[in-house]
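Chemist: First, the structure itself, so that you have it in front of you.
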Amino acid sequence: MKLVTYLKEEHDRLAMCVDGILYDMDSIHPELPTSMAMFLNYWDDYFPVAQNAEQRIKSGLKSNVYTTTLADAALLPPIPFPASCRDAYAFRQHVEAARRNRKMDMIPEFDQFPVFYFTNHNSIQGPGEIVCMPDHFKQLDFELEVAIVICKPGKNIPAADADAYIGGLMIMNDISARTLQMEEMRLNLGPAKGKDFATIIGPMLVTLDELEAYEIPCPENHIGKAWNLTMTCAINGIQVSKGNMQEMTWTFAEIIERCSYGTQLFAGDIIGSGTVGTGCFFELNGTGKLTDDHYQEKWLKEGDVIDMEIEGLGKLTNTIVKDESDFSILALKK
């Protein structure tokens, strides 16, 4: 099932996407909710009803159902009001490359446990314009990731049980202002200010039943579902990144196990995978400078169009826009 949140009559509405057409949830069945938050909080009750409604739509029973097209809809983030947002560090290739480019050895703890940080769940955005402040444009970067959303509450969730807590997968762009990020992390705290202005998800939430054909065995000595999904990012129509979700060392089930240790996860919590190998300019620039003394660093700039595409999850498109303000916090440094 493909679930979309879009703007209709100035309100967020939950819809099901079938063959590029959106069907409002409450119009295909009176017992289904109008919002993603409600759907997630009562997932076990609503999901089978929605599955039956989806089958009816696919069978041609579409009368009295409000529809619009995915292309014409004003898309919002699939989870417009997440309860929280964490981001993990699951792709070994990205971690190795980033450390190698800084002339550092691979950190052994990467293979001992999955790590994550919290980011600003109130800065979640979907397809469309991303407004950036002047300091953001100092080494502005994209990060190509996959994200999940939690669909039922739980605490101390074992990895062996954790896949049942995944509502679905979606594309994530953990957009980053690298100058701000690197300055604050010299103080061994963060990332925070370099990442809290925008985290982008979309265009839809794809439930796990929709992705069964892509399932593969997870890495040896690990637990949980894994998927063979090609991941790409293009800037202004030129592909700059390509990877695959199967390259995750840590599964989302194992990440959930760690995230839920000693604390409650809630329906609507978002968890990102971390950046896929080659999935950001920070990594690409470092690798380029190692192999070419004349390499010119690349960063996002005003007007750039970012197209992220993951097999089975759709395409997430954003345009970088400059804020009218010239306010700078970098200029306030003592």
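The values are calculated or read from the model by the stated rules, or taken from the named source; none is laboratory data. Predicted model only: the values in this text are computed from it and were never measured. So basically every Cβ, Gly included, is an ideal-geometry build from the backbone, and we count neighbours across all protein chains shown. Surface accessibility is based on the protein's heavy atoms, side chains included, excluding ligands, DNA and RNA. Shrake-Rupley method; radii C 1.70, N 1.55, O 1.52, S 1.80 Å.
Chemist: Hey, can you grab everything whose amide H is under 5 Å from the amide H of THR199? Only 5+ residues off in sequence or another chain; H modelled, so Pro and N-termini drop out.
Modeler: ILE124, GLN125
Chemist: Tell me, what % of the accessible area of region 177-239 is carbon and sulfur with a 1.4 angstrom probe? Write out the running numbers ahead of the final one.
Modeler: Numbers: 1560 of 3010 Å².
It is 52 percent, rounded to a whole number.
Chemist: May I pose another question? In whole percent, what relative contact order does region 1-140 give with Cα contacts below 8 Å and a gap of six or more residues?
Modeler: Computed value for region 1-140: 23 percent relative contact order.
Chemist: Just the number, please: carbon plus sulfur as a percent of the accessible area of region 1-78, 1.4 Å probe, no ligands or DNA/RNA counted. Each step should come with its number before you reach the end.
Modeler: Numbers: 1830 of 4080 Å².
C and S fraction of accessible area: 45 percent.
Chemist: Another question about this same structure. Please sort by residue number the chymotrypsin sites (Phe, Trp or Tyr not before Pro) in region 286-332 whose DSSP state is loop and whose Cβ has at most 16 other Cβ atoms within 10 Å. Walk me through the numbers on the way to the answer.
Modeler: Details: sites: TYR295, TRP299, PHE327; in loops: TYR295, TRP299, PHE327.
For chymotrypsin sites (Phe, Trp or Tyr not before Pro) across region 286-332 that sit outside H, G, I, E and B with at most 16 neighbouring Cβ atoms in 10 Å, the list reads TYR295, PHE327.
Chemist: Now for a separate question. Just want the answer: with Cβ charges of +1 for Lys and Arg and -1 for Asp and Glu, which residue in THR34, THR207, HIS222 is farthest toward the dipole's positive end in the chain?
Modeler: HIS222
Chemist: Out of MET16, ILE171, LEU284, whose Cα points farthest toward the positive end of the dipole of the chain (charges: +1 Lys, Arg; -1 Asp, Glu; placed on Cβ)?
Modeler: LEU284
Chemist: Another question about this same structure. Tell me the relative contact order for the chain as a rounded percent, counting alpha carbon contacts under 8 Å between residues six or more apart. The partial results should precede the final answer.
Modeler: Values: 783 pairs, mean separation 78.1, N = 334.
With pairs under 8 Å counted, the relative contact order is 23 percent.
Chemist: Another one. Which of the trypsin sites (Lys or Arg not before Pro) across region 164-253 are loop residues per DSSP, with 11 or fewer other Cβ within 10 Å?
Modeler: Working: sites: ARG178, ARG186, LYS193, LYS195, LYS225, LYS242; in loops: ARG186, LYS193, LYS195, LYS225.
For trypsin sites (Lys or Arg not before Pro) across region 164-253 that sit outside H, G, I, E and B with at most 11 neighbouring Cβ atoms in 10 Å, the list reads ARG186.
Chemist: Run the helix sum for the chain: -39,500 (n - 2.57) per DSSP H stretch of 4+ residues, divided by residue count, reported at 222 nm to the nearest 500 deg cm²/dmol.
Modeler: -5500 deg cm²/dmol, from helical runs alone.
Chemist: So, with +1 on the Cβ of K and R and -1 on the Cβ of D and E, and no other charges, what is the size of the charge dipole of region 97-217 about its Cα centre, to the nearest 20 debye?
Modeler: Details: 11 positive and 18 negative charges, 130 e Å.
Here region 97-217 has a charge dipole of around 620 debye.
Chemist: Okay, moving on. Which of PHE197, ALA160, MET185 sits closest to the plus end of the dipole of region 152-215, meaning its Cα is farthest towards the positive end, when Lys and Arg get +1 and Asp and Glu get -1 on the C-beta?
Modeler: Going by the charge dipole, the pick is MET185.
Chemist: Please tell me which of these pairs span more than 28 angstrom C-alpha to C-alpha: LYS193/LYS322; LYS2/LYS301; LYS8/LYS58; LYS58/LYS155; LYS103/LYS138; LYS2/LYS242?
Modeler: Values: LYS193/LYS322 18 Å; LYS2/LYS301 32 Å; LYS8/LYS58 24 Å; LYS58/LYS155 37 Å; LYS103/LYS138 23 Å; LYS2/LYS242 24 Å.
From LYS193/LYS322; LYS2/LYS301; LYS8/LYS58; LYS58/LYS155; LYS103/LYS138; LYS2/LYS242, over 28 Å: LYS2/LYS301; LYS58/LYS155.
Chemist: Between ASN188 and ALA331, with labels modelled 7 Å along Cα→Cβ, what's the label distance in nm to one decimal, could you check?
Modeler: If labels sit at ASN188 and ALA331, their model points lie 3.4 nm apart.
Chemist: Could you please state how large a percent of the accessible area of region 277-323 is carbon and sulfur, counting protein chains only and using a 1.4 Å probe? Walk me through the numbers on the way to the answer.
Modeler: Numbers: 1120 of 2290 Å².
Heavy-atom surface of region 277-323 belonging to carbon and sulfur, 1.4 Å probe: 49 percent.
Chemist: Have a look at the DSSP beta bridges in the chain and tell me what percent are antiparallel, nearest 5. Please list the in-between numbers first.
Modeler: Working: 60 of 71 bridges.
Beta bridges within the chain, antiparallel portion: roughly 85 percent.
Chemist: Say we join alpha carbon atoms closer than 10 Å with springs in a Gaussian network model of the chain; which of ASN156, ASN221, ASN236 then has the biggest fluctuation?
Modeler: Most flexible of the set in this elastic network: ASN221.
Chemist: I've got another one for you. Could you give each residue of region 14-29 its phi-based ³J(HN,Hα) in whole Hz, using Karplus coefficients 6.51, -1.76, 1.60 with θ = phi - 60°, and x for Gly or Pro?
Modeler: 8, 9, 9, 9, 10, 6, x, 10, 9, 10, 4, 4, 6, 8, 8, 7
Chemist: In Å², what does the accessible area per residue of the chain work out to with a 1.4 Å probe? Don't skip to the answer; put the middle values down first.
Modeler: On the way: 15520 Å² over 334 residues.
Heavy-atom SASA per residue in the chain reads 46 Å².
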